[in-house]
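Values in this text are rule-based calculations from the coordinates and carry no lab data. Remember, it's a predicted structure, so these values are computed and weren't measured experimentally. Neighbour counts run over all protein chains shown; Cβ positions are idealised from the backbone, glycine included.
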Amino acid sequence: MSAAPHNGKLFPIGAVSELTGVNSVTLRAWERRYGLIQPTRTDSGHRLYSESDVRLIEHVLEQLDGGMPISGVARQLRTEGFDEAPVLDTWQDYRESMIEAVMQFNEPVLDGIYNEAMSLYPVDIVTSRLVVPLLQELGERWSKQGEGSIAEEHFFSVFMRNKLGARFHHRNAHNTGPVIIAACLPGEMHEFGLLLFALSAHARGYRLILLGADMPLHELPLVLERTQADSIVLSGSINVHCAELAMQITGLTSVVNVPVFVGGEVASKCKNIIEESGGIPLGPDLAAGIQLIRKTLPARSGEASFQEEV
């Protein structure tokens with residue numbers, strides 16, 4: 001599993017994190033615990049990854065996205081037998097353990113499970129395979145009389161907001177990439193989708209100005225003027241009316257000179273109207289949406305710069 005001879009371009013760990021969406025903590029955990037990636041080191045001890053290392057990381061992500069646990073991927077790579085390794089439902093185990101912790105209102109246990117998942121898996125995979133299904137399951141428990149409670153759902157919501165907020169605070173002090181203003185559309189009170197997008201964008205080096213729920217769009221030009229941000233990302237649910245959205249997006253895009261992206265369920269429901277209004281719809285997949293942002297921004301603001309981490 002060692003890297004191929006490094007006769008091509010080498011990338012610091014921050015650049016690899018931005019390219020792949022795997023944060024530096026996870027990359028180092030893959031190296032230490034499983035020997036998945038073996039980067040070269042500079043004299044000062046900084047990790048440098050080759051293009052073949054990046055391709056290997058992308059292959060690992062494909063296996064993880066297919067449901068294979070990281071330990072199974074490591075075994076596959078050691079034996080080079082990619083077709084026969086068993087697929088274990090690691091995520092179901094995580095979800096069941098977290099549901100139990102939520103039912104007991106046990107934050108230390110909940111915190112330990114979440115931190116373990118985040119240390120081993122990229123944020124996009126933790127979001128799609130753990131956080132979102134867990135939120136759906138809690139909602140279903142609440143809807144079935146006697147199986148769950150609003151208190152459980154609120155407990156988990158507060159826990160996630162605190163976890164995401166702590167990560168934002170830490171990463172914003174170190175990120176050096178383009179600046180994104182992120183807000184929910186007017187009337188949109190559910191900000192989890194926006195928070196999860198922001199977490200994924202943070203993992204790729206972007207800096208976020210997070211404005212939260214129910215944001216009046218007429219105030220965004222002033223925020224843009226004061227921050228010199230590189231783009232605006234808006235989030236909305238399927239309950240948004242497309243005709244009303246068209247007026248809002250047109251009013252905003254006519255007075256700002258940066259791309260205006262629209263994500264969430266409304267991006268699929270009102271895709272054509274968003275485009276006709278000068279906005280750029282983002283699909284439901286977080287990684288694909290951020291990749292579209294990355295492709296759109298360089299012409300305006302330059303590629304995100306990367307800090308070198310050991």
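Divide the volume of the convex hull of the Cα atoms of the chain by its number of residues and quote the answer in cubic angstrom per residue.
Cα-based convex hull of the chain, divided per residue, equals 149 Å³.
What is the packing order of peptides 26-36, 191-201, taking the mean over residues of other C-beta atoms within 10 Å and listing the highest first?
Working: 26-36: 17.5, 191-201: 22.8.
Final packing ranking: 191-201, 26-36.
Note down the nm distance, to one decimal, between modelled labels 7 Å out along Cα→Cβ at residue 115 and at residue 9.
Rounded to a tenth, the inter-label distance reads 3.7 nm.
Pull out the extension gain between residue 176 and residue 241, defined as 0.36 nm times the separation in residues minus the alpha carbon to alpha carbon distance; nm, one decimal.
Values: separation 65, 0.36 × 65 = 23.40 nm, distance 3.61 nm.
Gain on extension, residue 176 to residue 241, equals 19.8 nm.
With point charges of +1 on the Cβ of Lys and Arg and -1 on the Cβ of Asp and Glu, referenced to the Cα centre of the chain, which listed residue (205, 68, 259) lies farthest in the positive direction of the dipole?
Of the candidates, 205 comes out farthest on the positive side.
Taking the Cα-to-Cβ direction at residue 151 and at residue 257 and moving 7 Å from each Cα, how far apart do the two end points lie in nm?
Modelled inter-label distance: 5.6 nm.
How much length, in nm to one decimal, is gained on full extension between residue 250 and residue 25, taken as 0.36 nm per residue of separation minus their Cα-Cα distance? Can you show the working numbers first?
On the way: separation 225, 0.36 × 225 = 81.00 nm, distance 4.08 nm.
Stretched out fully, the residue 250 to residue 25 stretch lengthens by 76.9 nm.
With the chain treated as a Gaussian network of Cα nodes joined by springs under 10 Å, which of 271, 163, 295 yields the largest mean-square fluctuation?
Checking each option, the largest mean-square fluctuation is seen for 295.
Using the Cα centre as the reference, give the magnitude of the dipole from point charges on the C-beta atoms of the chain (Lys, Arg: +1; Asp, Glu: -1; all else neutral), rounded to the nearest 20 debye.
Numbers: 25 positive and 38 negative charges, 162 e Å.
Charge dipole of the chain: 780 debye, to the nearest 20.
How much length is gained on full extension from residue 58 to residue 96, taking 0.36 nm per residue of separation minus their Cα-Cα distance? It would help to have the intermediate numbers written out before the result.
Details: separation 38, 0.36 × 38 = 13.68 nm, distance 2.82 nm.
Here the answer is 10.9 nm.
Packing-wise, with mean Cβ within 10 Å as the measure, how do 14-23, 231-240, 281-290 rank, highest first? Don't skip to the answer; put the middle values down first.
Values: 14-23: 23.5, 231-240: 21.7, 281-290: 18.7.
For the peptides 14-23, 231-240, 281-290, the packing ranking is 14-23, 231-240, 281-290.
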